[in-house]
Each structure stands twice: as C-alpha cells, then as structure tokens.
Amino acid sequence: MKNYYIETYGCQMNVADSELVASIMEENGYGKIDTVESADAVFLNTCAIREHAEEKIHSRLGVLRKEKEKRPHMILGLMGCMAQHVKDDILESKPYVDFVLGPDSYRRIPDILRRHEQKNESIVDTRLSRFEVYSGMYPSRNEGINAWISIMRGCDKFCTFCIVPFTRGRERSRSVKDIIQEVRRAVDDGFVEVTLLGQNVNSFRHRGERFPDLLQAVAEVSGVQRVRFTSPHPQDIDDDMLFVMRDNANLCKSIHLPLQAGSDRILKRMNRTYSQAEFLALVSRIRDLLPGCGLTTDIIVGFPGETREEFDETLQVMEKIKFDSAFTFKYSPRPGTKATEYSDHVSESEKQARLESLITVQKRHTLFRNRREISEIVKVMVEKESKKSSDVWAGRTDTNKWVLFAKKTTQVKQMVNVRITDAHGVTLFGELVSDPRRFHAVA
Ligand code: SF4
C-alpha cells in the first residue's frame, strides 16, 4: 500500500480540508503515515493570510526538495490558500512541486493522481467553484473529542486587508440535511463535540434556511454534548442566533467576535461594515441574552493610515469590553487586496510598539475575566492529558477556556463539574466536584 502524509498550516478550515483530502487518499488506496521520510505522497495544506505564513512554506519546500532528490518517485503537493494565491508561479522557482491544488480542487485528486502517474508532469488545478461544498464526502478525522464540520465555504465580505475572498472564492453553503448526516456519523464515530466551520460561519444560507435554523438542528442531534462554531462576522449576528444559543444547553456560550480595529474611520477603510458603537451595542446584546458568554476577538494593529489616536480607540473599546482573549496581529499587506493601494503605511517599529501594548492590555483583561471564575463550579469536557502531568486532565469550559484538574477516576469525553481554584494567564486550575447541584453560571 502506498502512503500519504499531510502537513496542515493555518486555520481550522484547513484542518477540516486536510481530513477531507485524507479520506480521498484512503479511498484511493493510500494509507496514512506520520513521517515524510516514508510517504509516497506528501501534501502541504497552506495558509496565505499573512506574508510570514507563505515564507514558512517556501522554506519548508526547500527542505522537502532534498527528500524528493533522495526519493524521486515521492509526490509533492501544495494545496490550500497559498497554492490558490501563487498558482503556477511556484513552479518557476520550485519545478520539483508535482501538484498545485486550490481549496476547490480536492474532489479531482483521484484523476490528478492518475494523470501524474501517466505523464509525470506538474499539475496545477486552481479553478475556484461557485458550487463546490464537498457534500456527501465524509472526512477521515484525527483522534479527539471534537469533529470539525465545515458548513460553508468562501467569503463575500471583501475586508480590504484580507486575501480569503481571493483564495477561497464566493460564499456557498452545504444543505442542512448533508450537515446533519455528517454530525450523526461523527457521533457514531465517538465524537461528543462538533465545531461548525466557515470563513463566515453565520452567513450560512441554504434554500431559505439560515444559521439559527442549522444551529437548532445540530443541537437536536442525539449524542452531541457540545456545539461550537467559528468564525462569525459581527454583521450577521442577530437575535434569532442568540435566542437559539440561549435556549439550547449544548450550544456553547462562547462567541469569537473579530473587532479588528476600534476607530470608525479605520473600520470603514477595512470595509468591516460596522461601527464602533454598533460593535459595542452587539456585545451588550450578547451579554444581556447570554450572561457570562465567553467573548474572544481578532485585532489588527498598524492598518494603513491608523494614527496613534485611532489605535488608542482600539484600546478604549477593549477596555470597555474586556475580551476573554484575543488573536492580535500586525497589518501584513496581501497582494491583490484593496488595502495595498493605500500608501500611508505605519512603520514596522510603530506596528511592533502598538502590538506590544495591545498584548499587555489583553493579558490584563484575560486575567481579570479568568480570576472572576475562581471558586465557581463549571462544567468541563475531559479532553486530553495535560502536557505538564499524566495525573492531570485538560478540558474546556462552555466558554471555551482550558482547565487543568487532577484526574481521579474520570475519563476522556466525560462531562464533569470542576470548582475553579486559580487562574494563570489563559489557563484555569480546578478540582473535581462530585455534587452538580452546587453548579451555577458565572454572573
Ligand atoms: S470576513 Fe473579512 S476577514 Fe473574514 S474571511 Fe471574509 S474578508 Fe477575510
């Protein structure tokens, strides 16, 4: 049997896509292997969100070139957003790459493998599709408690800094029926948690059914103990979605809410379609309907033209909201995006200074939020062993926070009650509690 090896970079959508390609390879007679050295087919599933992500792949390909020189029959495939972004240009500098496959080309892998076997020439397939959602295809999932389930693909928002609409194409959604079938099968395969994925997960639309309808349907699948989703766009969050989350205990009370910036002028330049005031109003609405809901975010510093005062507005919004945690980035110009037309760039040193002060502020807010959980009793899904000790489990709260606690007699995939005893950085520490009646939500 031939073997395949997939190395995944970037977001959860890429993790889900790699599991899809894994099932395609297995259906075509390949077995999974965990080392490059003994793989007949090696795929890099790539990210193009920032320049650094692509630089990493260029150097990785340099390393794999040596492996291919040792084993010329080894197939080397580049897939994902960077492949879609660079297309056949990569072959100029790296002619030893056999496949360049965009995110909408995976269904054609069996045919591409056959063509390569016959002609042994490089194949580039980066046709974006308005329809491809890989319906009816069941991913070959990695071990764990959570099943990543992609419900829609592409993005129509065109934020001026973002390359995703160019690498993943236009928005299109799977049918609710197809998604529910996959959720049921994942439960049968032993997964107790599902995470619904989309570049803009709450822009889900299929024949009149919207995201709240899908959430309700997934929540009703028996055996699904927890449902999460990522990444939503603030513009598409409405009361219907929040009501469904409120009324279903297994819909986790945590929302990733990308702010990106605090100043209205910069939000407009980013084409984020909401204002500072609208974002703050949305946060209060979420906290009214879902008290204690975990809120995380994405923030970019140093977007072209962002003044020191406008950056301070980002800090002020953070101070008002106090997110549970945040992914923070320096603006990275992406070829083909509108923002590259703006000439008033912020210097690298100023970007770095803003990023450092933003991280300091967020660390303080994360600790503030986590310390409020001390002495509370929360439900935790036992997920895996702690890296620190084999006597300690790591699991997540409903609000998507990691908790470490002594195992005692509990097992993976068990939902347990834990009293939070301490908080350091992003991690909570706790002890198992046998009496669930003492359980109550964080105010
Ligand atoms: S919503 Fe904006 S940031 Fe998110 S994937 Fe779409 S274009 Fe990119």
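The values are calculated or read from the model by the stated rules, or taken from the named source; none is laboratory data. None of the values given here were measured: they were computed from a predicted structure. Quick reminder, even Gly has a Cβ in these numbers, built from the backbone with ideal geometry, and neighbours come from all protein chains shown. Side chains included, ligands, DNA and RNA excluded: accessible areas come from the protein's heavy atoms. Shrake-Rupley method; radii C 1.70, N 1.55, O 1.52, S 1.80 Å.
Of the accessible area of the range 235-301, with the probe set at 1.4 angstrom, what percent is carbon plus sulfur?
In the range 235-301, the share of accessible area belonging to carbon and sulfur is 50 percent.
Per the 1.4 Å probe, what fraction of the accessible area of the range 73-197, in percent, lies on carbon and sulfur atoms?
About 48 percent, which is the carbon plus sulfur part of the accessible surface.
How much accessible surface does W402 have with a 1.4 Å probe, in Å² rounded to 10?
My reading of the accessible area for W402 is about 80 Å².
Amide H of A394 versus every other amide H placed in the peptide plane: which residues, excluding those fewer than 5 positions away on the same chain, fall under 5 Å?
Long-range HN contacts for A394: E383, K384, E385, S386.
Return the single residue from D189, D104, D398 with maximal mean-square fluctuation; model: Gaussian network over the chain, springs between Cα atoms under 10 Å.
Evaluated over the chain, the most mobile residue of the options is D189.
Measuring with a 1.4 Å probe in the full set of protein chains, what accessible area per residue, in whole Å², belongs to the chain?
44
Of V176, V42, V426, which is the most mobile in a GNM of the chain whose springs link Cα atoms less than 10 angstrom apart?
V426
For the chain, modelled as a Gaussian network with Cα springs under 10 Å, which listed residue fluctuates most, Q12, Q225, Q352?
Among Q12, Q225, Q352, the largest mean-square fluctuation in the Gaussian network model of the chain belongs to Q352.
Quick one: which residues, 5 or more positions from E376 or on another chain, have an amide H under 5 Å from its amide H? H modelled 1.01 Å from N in the peptide plane, none for Pro or chain starts.
Excluding prolines and chain starts, which carry no amide H, the hits are I420.
Can you work out the Karplus-derived ³J(HN,Hα) for every residue in the range 169-183? Use 6.51 cos²θ - 1.76 cosθ + 1.60 with θ = phi - 60°, whole Hz, and x for glycine or proline.
Couplings: x, 7, 5, 7, 10, 6, 7, 4, 4, 5, 5, 5, 4, 5, 4 Hz.
Considering the chain, which cysteines have no disulfide-compatible partner, defined as another cysteine with its Cβ under 4.7 Å away?
C11, C47, C81, C155, C252, C293
Cross-link partners among lysines for K2, C-alpha distance below 23 Å, same-chain residues fewer than 8 apart left out?
K32, K66, K68, K70, K119
What does the charge count around V86 come to, taking other residues whose C-beta lies under 13 Å from its C-beta (Lys +1, Arg +1, Asp -1, Glu -1)? Mind dumping the intermediate values first?
On the way: positive: K87, K94, R334; negative: E51, E54, E55, D88, D89, E92.
So the environment of V86 carries a net charge of -3.
Residue by residue through the range 186-198, what is 3J(HN,Hα) from phi via Karplus (6.51 cos²θ - 1.76 cosθ + 1.60, θ = phi - 60°)? Round to whole Hz and write x for glycine and proline.
So the Karplus estimates, Gly and Pro as x, are 5, 5, 4, 7, x, 7, 9, 10, 10, 10, 7, 10, x Hz.
Amide H of V100 versus every other amide H placed in the peptide plane: which residues, excluding those fewer than 5 positions away on the same chain, fall under 5 Å?
Under 5 Å from the amide H of V100: L78, I123, V124, D125.
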